[in-house]
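Worksheet for the structure shown next.
The values are calculated or read from the model by the stated rules, or taken from the named source; none is laboratory data. What you are looking at is a predicted structure, and each value in this text was computed from that prediction instead of being measured. Cβ placement follows ideal geometry from the backbone for every residue including glycine, while neighbour counts extend to all protein chains displayed. The accessibility values were calculated without ligands, DNA or RNA, using every heavy atom of the protein model including side chains. Shrake-Rupley method; radii C 1.70, N 1.55, O 1.52, S 1.80 Å.
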Amino acid sequence: MTAFDQYRMMRSHHLIFGYRGFLTNELIASILTLTESKLRDLPGPFKKKKSIINIIIEGLQNILYHGEAVEENGVLGHHCIFLMGQRTNEYFIQFGNFISNSHVSALSKKLSYFNSLKQDQVQKLYLDILEKGEITDKGGAGLGILRVIRDSGRTMDFSFVPVDERQSFFCMEIKISM
Amino acid sequence: MERIEIEPTSTTPRIIFRPDEGYFEVSGKSLPENSFEFYKPLLDFMEAYAEDPAPSTLLVFKLQYFNTSSTSHFLRMVKKFEKILEDGKDARVSWYHDFEDDDMRDAGEDFKVLSKLPIKIMGAHLE
């Protein structure tokens, strides 16, 4: 596949940019700088663009904190995919990472529950968790995911693709209406 | 108590703590990989300061963006200074947000709901 094929494929999938590979916190900071720069040239109100930044922070740090480290080309780490795109009237952000099969059921239940909440319930739960301070050095208690749902103003799409007897690939897509 | 000044990085904020002046500032971006490691010593410092504070204390936030783990530490900072108010001294929070950054303004509003300290939310041109 040539670079032109890749270009056409990304365009046909409405992709603005993406990243695949090993994730570190410094890399997240670089992705945010790149996103900020891209968003300056793209249409949409500031508040929505800020929501995109917040969602990327939580989504990528979620991978770093809770994703399963896997080995690829001799490098053990949090391998992932991150994609950002723009369709008519909306931006979309996709995250994908490996997780242990033992975590799939609990995560699926938690996300389904968060998705079932109305926006005012999301805000109330967010403040409740923040006030109780049930946060560890890895975040936790679902505060980051609640922020993602609050900032997108919509439910998230998620799925788990089985990889082998130990791992699945966790896919999450968040849309932000313009 | 000694002053604390920490230069910002791509993932941690600038910290200016001047206990002699009762001035505490957190500014920039806050998404440390381990927020406890970064904020725990600062919170311990604030707790010690609150035992014998300056006549008036101002805690300033000038943030561009942060992760939720940092938010919980910001709230803990605010809570540390509630003691100053309970002890009958002056303690306030100034929460600055960029003029067009409604999201950061709303984050300040969240703190207003959760804290007893007076929190003034102001638009500004942030670097």
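Listed values, structure above:
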{"read-out": "Test: residue in segment A:145-160 that is touching a Gly at 6+ places or on another chain (Cβ under 7 Å) and either within 30 Å of B:Met77 (Cα to Cα) or in a helix (DSSP H, G or I) (or both)", "value": "yes"}
{"read-out": "Scope segment B:86-105; condition open to solvent by 10 Å² or more (accessible area, probe 1.4 Å), of a type outside the set (D, E, K, R) and over 19 Å from B:Leu126 (Cβ atoms); matching residues", "value": "B:Gly88"}
{"read-out": "Considering residues of segment B:106-120 that are outside any helix (DSSP H, G or I) and open to solvent by less than 20 Å² (accessible area, probe 1.4 Å) only, the residue nearest to the other protein chains (Cβ to nearest Cβ)", "value": "B:Ser115"}
{"read-out": "Test set (1) open to solvent by 50 Å² or more (accessible area, probe 1.4 Å); (2) within 14 Å of chain B (Cβ to nearest Cβ); (3) in contact with a Phe, Trp or Tyr (Cβ under 8 Å, 6 or more places away or on another chain) - A:Asp128 fails condition number", "value": "(3)"}
{"read-out": "Failed condition for A:Lys50, given (1) modelled with pLDDT of 95 or more; (2) buried (at least 20 other Cβ atoms within 10 Å of the Cβ)", "value": "(1)"}
{"read-out": "Where A:His79 falls short, out of the listed (1) open to solvent by 40 Å² or more (accessible area, probe 1.4 Å); (2) touching a strand residue (DSSP E or B) at 6+ places or on another chain (Cβ under 6 Å); (3) without any contact (Cβ under 8 Å) to a residue 60 or more places away in the chain", "value": "(1)"}
{"read-out": "Criterion (in contact with a helix residue (DSSP H, G or I) (Cβ under 7 Å, 6 or more places away or on another chain), farther than 16 Å from B:Asn67 by Cβ, more than 11 Å from chain B (Cβ to nearest Cβ) and modelled with pLDDT of 90 or more) met by exactly one of A:Phe17, A:Phe95", "value": "A:Phe17"}
{"read-out": "Only listed residue being among the aliphatic types (A, V, I, L, M), in contact (Cβ under 8 Å) with a residue 24 or more places away in the chain, crowded, with 16+ Cβ neighbours inside 10 Å and in contact with a strand residue (DSSP E or B) (Cβ under 6 Å, 6 or more places away or on another chain), chosen from A:Ile99, A:Ile56", "value": "A:Ile99"}
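Results for (1) surrounded by 14 or more Cβ atoms within 10 Å (Cβ to Cβ); (2) in contact (Cβ under 8 Å) with a residue 24 or more places away in the chain, shown as yes or no for each residue.
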site	(1), (2)
A:Ser12	no, no
A:Gly21	yes, yes
A:Pro43	no, yes
A:Phe46	yes, no
A:Leu60	yes, yes
A:His66	yes, yes
A:Glu71	no, no
A:Glu90	yes, yes
